[in-house]
Every structure is written in C-alpha cells, then in structure tokens.
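Structure first, commentary second.
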There are 2 protein chains.
Amino acid sequence: MSAPLRFPAERRHTLALAERVYAELKRALFAFELLPGERFSENTIAERTGASRTPVREALTRLAREGFLTVQNRSGWRVNDLDFSIFDQLYEVRTIVELASIDRLTAQTEPAGIAELITLWQVNEAERLTDGPAVFVQDEQFHSRLVAGTGNAELQRIHTSVTERIRIVRQLDFTESYRVEATYNEHAAILTAIVQHRASEAKRLMQTHIELSRQSVRKISLHRLYEARQQARDDAHQPERLSEPATGGIRSPLTETLSEKNLGDRSHESS
Amino acid sequence: MSAPLRFPAERRHTLALAERVYAELKRALFAFELLPGERFSENTIAERTGASRTPVREALTRLAREGFLTVQNRSGWRVNDLDFSIFDQLYEVRTIVELASIDRLTAQTEPAGIAELITLWQVNEAERLTDGPAVFVQDEQFHSRLVAGTGNAELQRIHTSVTERIRIVRQLDFTESYRVEATYNEHAAILTAIVQHRASEAKRLMQTHIELSRQSVRKISLHRLYEARQQARDDAHQPERLSEPATGGIRSPLTETLSEKNLGDRSHESS
DNA sequence: TCGCTCTATCTTGTATACCAGTTGATATTC
DNA sequence: GAATATCAACTGGTATACAAGATAGAGCGA
C-alpha cells in the first residue's frame with residue numbers, strides 16, 4: 001500500500017501530531033478522498049499518516065464531535081452522509097447569526113471592519129477575481145469578518161464552526177462563474193446598506209444572499225459529487241481507495257442524503 | 001490519599017469510561033471541587049477516578065474544547081477563570097438564538113411544544129416549586145424547549161452548549177427565592193405572548209428576561225463563590241484539595257475574572 | 001441452494017511504557 | 001544574602017500492548 005496521506009519525516013515537532021492528523025483528515029474529507037458513507041479503521045489512518053493510533057484517535061473523536069464522522073461500536077469509523085436537511089438547518093443558523101451581526105454593526109457609529117471589506121468587494125469589474133476557489137475563500141472571509149465586527153468572540157466561534165460544516169458542499173458551488181459575479185454584486189450591496197446604517201435593508205439583502213447560496217447548494221446533485229470524486233482520484237494518481245465499499249443501491253439525485261451507497265461507481269454508464 | 005471522585009468498581013461496562021470521567025469532571029467543576037485557576041495533572045485525575053490516563057485525556061481535551069479547561073504545554077492542566085466578559089458574550093448568543101426561536105414559533109399556527117410548557121409555568125402560586133435548584137432545572141428546560149420548537153437540531157445543539165457554559169455561574173443565582181418568583185412570572189408572560197402570536201412582545205419580554213438574568217449573574221461576587229467552595233468542602237468531608245494553590249493576590253470583587261488567585265483562603269478573615 | 005453455527009480476524013476501548021520538555025528546589029557562585 | 005547554575009522529579013504527547021466485543025465468512029446440515 002502506498003501512503004498518499006503521509007507527512008514528511010522532517011519538521012516533526014513543529015505542530016502537535018494530533019493537530020496535523022486532524023488537518024489532514026479534514027482536507028481529505030473536503031477533497032472527497034474520504035467519501036460520504038465510506039468506512040475505515042483507525043489503523044488505516046495511522047498507517048497512512050505515519051502516526052500512531054493515539055493522535056489519530058484524538059483527531060477522529062474531534063471530527064466526530066464536529067459532525068463529520070461517526071464511530072461505530074468496536075466496528076470502525078464512517079464518514080457521515082451529506083445530509084441536506086442538516087445543511088438547511090446550518091444555513092438557518094448562519095442566517096440567524098449574520099442577521100444579528102448586521103443589527104449590531106449598523107448600531108455602531110463606525111461599523112467595525114467594514115471599510116476594509118469595501119476595498120475588497122466594491123471594485124470595478126477589472127479588479128475582480130474570476131477564479132472560483134479563490135473567490136470562495138474571500139467569500140468566507142467576508143461573512144466571517146462581518147460577524148467579527150460585533151466583537152463577540154463566542155458568536156464568531158459558532159459562526160466559524162457552522163461555516164466549516166457547510167464548506168464541503170459550498171465549495172462545489174463555486175466552480176461556476178455566474179455565482180462569482182453574483183457574489184460580488186450582492187456583497188457590494190450589503191456593504192453599502194451597512195455603512196448607511198440601513199439595518200433592515202442590509203438584513204433583507206443578506207437573507208436573500210444566503211438563501212440563494214442555500215438553493216444553489218441544494219441543487220448539487222450526485223453528478224457534481226461524482227465529478228468531485230473523479231477529480232480527487234485523478235489528483236491522487238492512485239486509484240485505489242482506503243476500502244472498497246458496496247456499490248449500487250439507490251441512485252436518485254433527489255434523495256435527502258448523499259453517500260457512497262447512492263453514489264456507486266458509474267464511470268461505465270451513459271449519462 | 002482518599003478518592004472522593006472514584007467510581008464504584010461494579011457496573012463497569014454500562015457506559016464508556018471516558019464518558020463517565022467527562023461527566024464526573026464536569027460535575028466537579030460545577031460543584032467547585034475543581035476551582036477556577038486551579039492546576040492539576042492527568043495522573044491526579046486518573047488516580048482519583050480509577051481510570052487510566054487514556055480516557056482521562058479524552059475527557060480533558062473535550063472539556064478544553066468546550067472552554068472549561070486549558071492544557072499548558074507539558075506543564076499540567078488548569079481550570080479556566082470565570083470570565084464575565086465571556087459570559088456576557090454567551091448571554092448575547094443565547095439572546096440571539098432564543099429571539100430567533102420565538103420568531104419561528106410565532107410563525108407556526110400551533111407553536112410546537114408550547115402547550116406542555118404552559119401546564120408547567122402558568123400555574124397558581126400553590127402549585128409552584130420553591131426549591132431553587134429544582135426551579136433552575138425547570139428553567140433550563142423551558143428555554144431549551146422553546147428552541148426545540150423550531151425543529152432545528154443544529155440550533156438546539158448550539159443553544160445547549162451555550163447553556164452549559166453559563167450554567168456554572170447561573171446555578172449560583174438560583175439560591176435566592178425572589179429570582180424563582182420572577183422566573184415564574186416572566187415565563188408565563190412570554191408563553192402568553194407566543195400563543196397569541198405576538199412576536200415582538202414575546203421577544204421584548206424574553207430579551208428583558210435574559211438581560212435580568214445576566215445582570216443578576218454579573219453581581220455574583222467573590223463572596224458567593226467563596227461560599228460555594230466552602231459548601232463543596234463541607235460536602236466532601238475531606239478538606240484536602242487536589243493541589244494547594246498560591247493564595248493571596250488581588251481580591252477586588254470588581255475584577256472581570258474570578259479565579260483562585262483572587263479568591264484565596266479567607267476563612268480566618270472578617271467580612 | 002438456503003440458512004445456521006462457529007470461529008478466526010478485525011475493530012475499538014483501555015492500560016501501560018517511553019520520551020522529551022518544564023519546573024522548581026537546591027547547590028553554587030559572587 | 002542575592003543572583004544564578006544545576007538537576008531531579010514531574011508533566012503531557014506519543015507509541016505500544018492488551019482485552020473484549022463485532023463481524024464476515026467458511027463449514028456444515030438440511
């Protein structure tokens with residue numbers, strides 16, 4: 001077995017091992033190298049990362065608590081399905097937090113951090129980024145800094161955790177350029193409303209903005225996820241997987257949850 | 001050394017060991033058997049609980065992630081100070097979540113779970129509980145079920161975690177009977193507004209209700225905390241502690257944070 | 001061919017061993 | 001006597017060992 005996830009042997013003690021395993025696993029989850037529904041053991045991860053089971057376990061339990069994984073009683077770990085009813089709930093939490101943040105920002109005489117955001121988002125078309133993933137990173141920072149402007153670190157912590165939960169599907173949404181353009185326009189409008197202390201308009205715009213994102217994510221189908229997996233396989237130059245799952249089963253793109261069971265291997269099918 | 005935290009040897013495998021250590025540590029924190037500012041080692045906890053370091057460590061890292069403890073690099077663990085600026089932030093989060101919940105409840109034609117709450121809180125004085133701690137438990141359930149009525153499990157998770165963070169100081173607030181009475185009255189009024197679909201009034205009442213609680217908690221002084229510690233010591237029939245801290249230092253009850261450093265042992269002082 | 005049983009193997013949960021960094025008391029120096 | 005150097009004991013981070021439950025599959029019987 002090769003070890004695509006292995007860390008370099010050098011620079012061992014720069015960061016805690018458990019932390020690095022955590023980061024690596026999270027990356028693998030977002031890159032769909034670990035697929036929803038996939039099962040794996042602690043030993044597998046330990047071998048792949050070169051660490052022992054102890055730090056691996058710490059990383060896994062943390063990811064489980066964050067909702068990405070589930071441990072099955074003495075019977076291995078499992079990557080949680082992409083459950084769109086949960087994503088809906090997380091989007092609602094995000095809306096609640098960000099609308100409350102806007103209320104607090106517009107109540108400030110000089111809304112904190114808004115000036116910097118304006119220089120990023122209220123720019124003419126020539127200065128705009130067009131690379132989807134790059135805009136995606138900027139977009140997350142936009143929302144994050146709005147919440148940061150409230151000065152409430154606990155609120156920010158919650159917002160960050162929600163953002164990270166949604167990221168796995170949201171990143172798939174930023175491959176299309178039209179969403180990039182819409183993002184620029186909507187962010188610019190929201191910032192304008194905030195600096196003018198027009199709370200209810202800013203909130204209305206934000207609610208719509210988030211709702212559009214939610215609907216867009218809702219449309220993510222098995223097809224898109226399948227593409228992402230293929231991409232992950234190609235990148236790895238290593239088609240084998242941690243474990244071969246049972247393929248087949250339900251395939252409808254309208255199911256509420258996406259997992260390996262309804263993903264399967266359809267490379268030989270016609271669309 | 002005796003072992004006040006030791007589990008009974010029987011009934012070993014009913015619940016995961018790490019889980020029990022976690023629960024026991026949390027109980028000890030809330031009972032001020034582990035005091036803010038206090039330092040301790042993994043081995044100490046392992047001896048006291050009869051478990052090995054592995055499950056102890058799992059419990060400790062979890063409590064650290066929840067904000068109760070801090071691990072110092074190869075130099076022991078520390079109970080976090082009671083930081084009232086953080087409690088303020090948590091109260092704000094609680095307000096945001098519960099007001100949003102009211103919005104969603106009043107939008108329902110038949111607000112979920114409200115009927116049951118009414119039978120508990122809209123009762124005449126003879127049927128009311130008077131025992132502070134008992135009412136405290138009921139109070140937490142009141143707020144929790146309001147959020148549950150939204151049907152958003154993720155929102156509820158967040159609300160629960162915030163509630164548990166605040167609990168350590170809020171429990172001190174329910175020793176006085178006047179707060180009990182106020183709680184009954186305020187809860188009854190909030191429920192009335194909700195069933196009448198008067199969202200803004202319900203929100204106004206809830207905001208005030210939470211704000212009063214926050215202010216009440218803010219007034220908790222070193223004195224109250226000192227009493228709680230004494231109580232914990234008396235209950236334990238075992239005055240010795242996990243570690244003897246350095247006493248003395250700042251004593252002002254107006255400091256933003258409460259810890260052992262500004263608590264000390266003042267049993268021989270006059271008030 | 002189907003279904004049952006048994007068992008070898010794999011899994012996590014827990015305990016223990018080892019290592020390197022931290023610390024605080026003590027010896028030492030001036 | 002005060003400042004400093006030293007070192008032994010203690011700490012958490014990690015690796016490994018061991019135990020017991022879960023599982024899949026071979027074997028067997030009908």
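The values are calculated or read from the model by the stated rules, or taken from the named source; none is laboratory data. Remember, it's a predicted structure, so these values are computed and weren't measured experimentally. Cβ placement follows ideal geometry from the backbone for every residue including glycine, while neighbour counts extend to all protein chains displayed.
Condition check: closer than 18 Å to B:HIS197 by Cα and either among the aromatic types (Phe, Trp, Tyr) or under 22 Å from the mean Cα position of the chain (by Cα) (or both). Does B:GLU98 satisfy that? Against the criterion (closer than 18 Å to B:HIS197 by Cα and either among the aromatic types (Phe, Trp, Tyr) or under 22 Å from the mean Cα position of the chain (by Cα) (or both)), B:GLU98 qualifies. Please go through segment B:112-162 and pick out each residue that is among the β-branched types (Val, Ile, Thr) and either away from every other protein chain (no Cβ under 14 Å) or touching a helix residue (DSSP H, G or I) at 6+ places or on another chain (Cβ under 6 Å) (or both). Once the filter is applied, which keeps residues that are among the β-branched types (Val, Ile, Thr) and either away from every other protein chain (no Cβ under 14 Å) or touching a helix residue (DSSP H, G or I) at 6+ places or on another chain (Cβ under 6 Å) (or both), segment B:112-162 yields B:ILE114, B:ILE118, B:THR119, B:VAL123, B:THR130, B:VAL135, B:VAL137, B:VAL147, B:THR150, B:ILE158, B:VAL162. Count of segment B:173-227 residues, restricted to those that are within 21 Å of B:GLU256 (Cβ to Cβ) and of a type in the set (Asp, Glu), is 3.
Taken together, the residues in segment B:13-33 that are near DNA strand C (Cβ under 9 Å from one of its atoms) and of a type in the set (D, E, K, R) amount to 2. Answer yes if at least one residue in segment B:34-48 is within 14 Å of another protein chain (Cβ to nearest Cβ) and more than 9 Å from DNA strand C (Cβ to nearest atom), and no otherwise. Yes, that holds for at least one residue.
Each residue in segment A:81-92 was checked for being out of contact with any helix residue (DSSP H, G or I) (no Cβ under 8 Å at 6 or more places or on another chain) and within 11 Å of chain B (Cβ to nearest Cβ), and 2 pass. Residues of segment B:169-217 that are in contact with a Pro (Cβ under 9 Å, 6 or more places away or on another chain) and modelled with pLDDT under 95: B:GLN171, B:PHE174, B:THR175. No other residue among A:ILE96, A:ILE102 is closer than 25 Å to B:GLU66 by Cβ and outside any loop (DSSP other than H, G, I, E, B) apart from A:ILE96. Evaluating A:PHE87 against the criteria (1) over 22 Å from the mean Cα position of the chain (by Cα); (2) more than 30 Å from A:GLN196 (Cβ to Cβ); (3) more than 16 Å from DNA strand D (Cβ to nearest atom) leaves one unmet condition, (1). Among the residues of segment A:40-63, those identified as touching a residue at least 12 places away in the same chain (Cβ under 8 Å) and more than 10 Å from DNA strand D (Cβ to nearest atom) are A:PHE40, A:SER41, A:THR44, A:ILE45, A:GLU47, A:ARG48, A:LEU60, A:ARG62, A:LEU63. Of the residues contained in segment A:96-105, none is found to be buried (at least 20 other Cβ atoms within 10 Å of the Cβ), away from chain B (no Cβ under 14 Å), touching a residue at least 60 places away in the same chain (Cβ under 8 Å) and under 30 Å from B:SER85 (Cβ atoms). Number of residues in segment A:59-80 that are within 14 Å of chain B (Cβ to nearest Cβ), at pLDDT 95 or above and either within 10 Å of DNA strand C (Cβ to nearest atom) or part of a strand (DSSP E or B) (or both) equals 4.
Could you please let me know if A:THR109 is free of Cβ contacts under 8 Å to residues at least 24 places away in the same chain and outside any helix (DSSP H, G or I)? Here the answer is yes, as A:THR109 does meet what is asked.
With respect to the conditions (1) surrounded by 15 or more Cβ atoms within 10 Å (Cβ to Cβ); (2) without any contact (Cβ under 8 Å) to a residue 60 or more places away in the chain; (3) not basic (Lys, Arg), B:THR208 lacks only one, and its number is (1).
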